[in-house]
Amino acid sequence: QGYATLYEDALVLLLTEVLNRIQFRYNQAQLEELDDETLDDDQQTEWQRYLRQSLEVVAKVMELLPTHAFSTLFPVLQDNLEVYLGLQQFVVSSGTGHRLNITAENDCRRLHCSLRDLSSLLQAVGRLAEYFTGAVFAARFNDALTVVERLVKVTLYGSQIKLYNIETAVPSVLKPDLIDVHAQSLAALQAYAHWLAQFYSEVHRQNPEQFISLVSTALEAITPLISSKVQEKLLLSACHLLVSLATTVRPVFLISIPAVQKVFNRITDTSAQRLPDKAQVLVCRALSNVLLLPWPNLPESEQQWAVRSTNHASLVSALTRDYRQLKATASLPQRKVQLEDTKVIIHQTLSVLEDIVESISGESTKSRQICYQSLQESVQVSLALFPAFIHQSDVTDEMLSFFLTLFQGLRVQMGVPFTEQIIQTFLNMFTRYWTALRWILSMILQLLACSELCPLCCQRSSPDVKAELFELLFRVLHHNWRYFFKSSVLASVQRGVAEEQMENEAQFSAIMQAFGQSFLQPDIHLFKQNLFYLETLNTKQKLYHKKIFRTTMLFQFVNVLLQVLVHKSHDLLQEEIGIATYNMASVDFDGFYSAFLPEFLASCDGIDSNQKNVLGRNFKMDRDLPSFTQNVHRLVNDLRYYRLCNDSLPPGTVKL
């Protein structure tokens, strides 16, 4: 606090300057130069990264000087909000709907800048939400209430006058601006969900009307946006806010609010156009959580579980109507069009059900019991459909993923007998399938061996042939992981099993050996492709953590990657190789630093023992990605430098 007081004026000045720098009103020339289209590796544009970094400075000042920061930021937000809220007077009727009667070029430009600034300031206000909760809730209550009331008013205003659908003089610019402001106002309000939850638990008994009004009005703002006709960015912002109100705040009266009833009716109406996948999943999660999650501040006897259980069963029944009807025709031959339609129903239904289960997997026993009761028929249908789609890998992948989520979230509710029945069904199916798979794998490995041993046989097409064979190997591994590692379904059911059971070990080792050998080839495209495949298998299946890889292959691969860096044969891939080396080493940092690194340096030729010791000492035992990769590249550069120096000296000068 002493630090904050000492530099108070400087911090307030810094905050004011940062806020000015993110506003077109003060900094248009610089901001317009920032790219807001091209995504970087973090899926952010240059503009988004600049804004995020600026908001972190704002948040830091808020942490040190909360009162000053809020009193500096809120009036700036208020000024821009007045412009936005004043647009209603310029809305006029047109032949096709409503039009914004602002047409002069300068006015449009000013409005564009104001809307962009409002969007940024809404994000700033959302970023500060965490500084109003916890121990400081009471002390900063009035400031937070002012913000939340303002955000609720703005979101309702945007939904009521439908600025996102309005005709404008410059539609390519102003329409995205209006949509973004509306979406950001919803997102900012969502950021205050934890504050609303604390408001509900601490002061709702003294002042319930105020709390009920905030939540009810927010829901009135959300409901008109839950439509397939609304732009996806805005729709998803509304869906995320709905999920937060249902999951984080979860007031007892939510189910009785007309706006929520309207969403229930909309989502269970078979004649209504289905929402895009992401939005459908989010809305279904919200509605399910309204019925499944225990209400805060109420004893078990007042949770109304019986009524909520009946309502949840009705909800799931409506959501799975088409899916459950598939059981009757699953075994009949289907034309291609029918098959595709069936696949769509399976994908849409399982994605919703899997998300519902995932969202309550850590909740109370009662919530999980009700969830499983509602899902029981759909689970049985899934088990009956599985054999009919055994040769449709996209469908089996989704079904296996669904069952794995069930095992992880509702294992106790499913019971041992049904769990055994599911596993036996899978094993019976895959017994026939694995026989064919074993033959396919053998053929691929033989073809790869042939291209290594006899390159002259297909000299011209060898690189392409190899790339395609490795792609095939990757696909086999990716989609048939359980062929090598006992079903993760079984592993997750059998508690206490530390390692998945390894099967077909010889073939797995042969595949990994083939990948390893490909890294010794001069073909940089094959190297890049195969490194990506290994990294993908690690991300999706934890390849580097598997016992067989960790204990017998891990440091062989690390050694090969380091040798490639040292020999500069694939310098264009330095960054990718550095990250892969880190991902492998991080599985066993202790082994890397205590055993592998000394052995690697000891085996390096062209440098003396003293130089090896210096290289070892200079390699800091960091465990974060940036520091580790920096250490790797320093080691490689220093090693090359020592070798270069030693090579330039007269023979015998250095004892190698």
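The values are calculated or read from the model by the stated rules, or taken from the named source; none is laboratory data. These numbers come from a predicted model, not from an experiment. Using ideal geometry, Cβ is built from the backbone for each residue, glycine included, and neighbour counts are taken over all protein chains shown. Just the protein is used for accessible areas: all its heavy atoms, side chains included, with ligands, DNA and RNA removed. Shrake-Rupley method; radii C 1.70, N 1.55, O 1.52, S 1.80 Å.
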Exercise for the section: Determine, yes or no, whether Asp117 is outside any loop (DSSP other than H, G, I, E, B), out of contact with any Gly (no Cβ under 9 Å at 6 or more places or on another chain), of a type in the set (Asp, Glu) and crowded, with 22+ Cβ neighbours inside 10 Å. Expected result: yes
Fill in the blank from the handout: Of the conditions (1) touching a residue at least 40 places away in the same chain (Cβ under 8 Å); (2) touching a helix residue (DSSP H, G or I) at 6+ places or on another chain (Cβ under 8 Å); (3) open to solvent by 10 Å² or more (accessible area, probe 1.4 Å), the single one that Trp47 does not satisfy is (1)
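Can Thr155 be described as modelled with pLDDT of 95 or more, part of a helix (DSSP H, G or I), surrounded by fewer than 17 Cβ atoms within 10 Å (Cβ to Cβ) and among the polar types (S, T, N, Q)? Even if it seems obvious, please write down each step before you answer.
Numbers: modelled with pLDDT of 95 or more: yes; part of a helix (DSSP H, G or I): yes; surrounded by fewer than 17 Cβ atoms within 10 Å (Cβ to Cβ): no; among the polar types (S, T, N, Q): yes.
So Thr155 fails the test.
With Lys233, Lys278 as the choices, which residue is over 27 Å from Tyr200 (Cα atoms), in a helix (DSSP H, G or I) and touching a Cys at 6+ places or on another chain (Cβ under 9 Å)?
Working: Lys233 fails: touching a Cys at 6+ places or on another chain (Cβ under 9 Å).
After ruling out the rest, the residue left standing is Lys278.
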Problem - Near pairs, Cβ below 8 angstrom, 6+ apart or cross-chain, from segment 348-367 (of a type in the set (S, T, N, Q)) to any residue that is in a loop (DSSP other than H, G, I, E, B) - result: Gln348/Arg274; Thr349/Thr320; Ser364/Pro294; Ser367/Leu293; Ser367/Pro294
Practice task
For segment 589-632, name all the residues that are open to solvent by 70 Å² or more (accessible area, probe 1.4 Å) and not in a helix (DSSP H, G or I).
Solution key: Asp605, Lys620, Met621, Arg623
Practice task
Any chance you could count how many residues in segment 556-588 are open to solvent by less than 50 Å² (accessible area, probe 1.4 Å), outside any helix (DSSP H, G or I) and more than 11 Å from Leu531 (Cβ to Cβ)?
Solution key: 0
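Please go through segment 79-110 and give me each residue that is without any contact (Cβ under 8 Å) to a residue 24 or more places away in the chain, within 28 Å of Val125 (Cα to Cα) and open to solvent by 30 Å² or more (accessible area, probe 1.4 Å), ordered by number.
Asp79, Glu82, Gln89, Phe90, Asp107, Arg109, Arg110
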Exercise for the section: Would you confirm whether any residue within segment 264-275 is more than 17 Å from Leu353 (Cβ to Cβ), touching a helix residue (DSSP H, G or I) at 6+ places or on another chain (Cβ under 7 Å) and assigned to a helix (DSSP H, G or I)? Expected result: yes
Handout entry: Failed condition for Gln78, given (1) under 22 Å from Leu225 (Cα atoms); (2) under 34 Å from the mean Cα position of the chain (by Cα)
Key = (1)
Problem - Residue identified as out of contact with any strand residue (DSSP E or B) (no Cβ under 9 Å at 6 or more places or on another chain), under 28 Å from Cys113 (Cβ atoms) and in contact (Cβ under 8 Å) with a residue 40 or more places away in the chain among Ser185, Ser244 - result: Ser185
Fill in the blank from the handout: Within segment 353-391, residues open to solvent by 10 Å² or more (accessible area, probe 1.4 Å), within 16 Å of Thr320 (Cα to Cα) and of a type outside the set (Ser, Thr, Tyr) come out as Glu354, Asp355, Gln373, Gln376, Glu377, Gln380, Leu383, Ala384
Problem - Residue match in segment 307-315 (condition: open to solvent by 10 Å² or more (accessible area, probe 1.4 Å), farther than 22 Å from Thr247 by Cβ and of a type in the set (A, V, I, L, M, F, W, C)) - result: no
Fill in the blank from the handout: Scanning segment 66-108 residue by residue, those in contact with a Ser or Thr (Cβ under 7 Å, 6 or more places away or on another chain) and not in a helix (DSSP H, G or I) turn out to be Leu100
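Given the residues Arg205, Arg140, which is the only one that is open to solvent by 30 Å² or more (accessible area, probe 1.4 Å) and out of contact with any Phe, Trp or Tyr (no Cβ under 9 Å at 6 or more places or on another chain)? Write out each step before concluding.
On the way: Arg140 fails: out of contact with any Phe, Trp or Tyr (no Cβ under 9 Å at 6 or more places or on another chain).
Testing whether each residue is open to solvent by 30 Å² or more (accessible area, probe 1.4 Å) and out of contact with any Phe, Trp or Tyr (no Cβ under 9 Å at 6 or more places or on another chain) leaves just Arg205.
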Problem - Qualifying positions in segment 253-305 - in contact (Cβ under 8 Å) with a residue 60 or more places away in the chain, open to solvent by 30 Å² or more (accessible area, probe 1.4 Å) and closer than 20 Å to Val230 by Cβ - result: Arg274, Asp277, Arg285
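Can you tell me which residues in segment 512-553 are of a type outside the set (S, T, N, Q) and either in contact with a Ser or Thr (Cβ under 6 Å, 6 or more places away or on another chain) or assigned to a loop (DSSP other than H, G, I, E, B) (or both)?
First, pick out the residues of segment 512-553 that are of a type outside the set (S, T, N, Q): 512, 514-516, 519-520, 522-528, 531-535, 537, 540, 542-550, 553.
Residues satisfying the conditions are Phe519, Leu520, Pro522, Asp523, Leu526, Lys542, Lys546, Met553.
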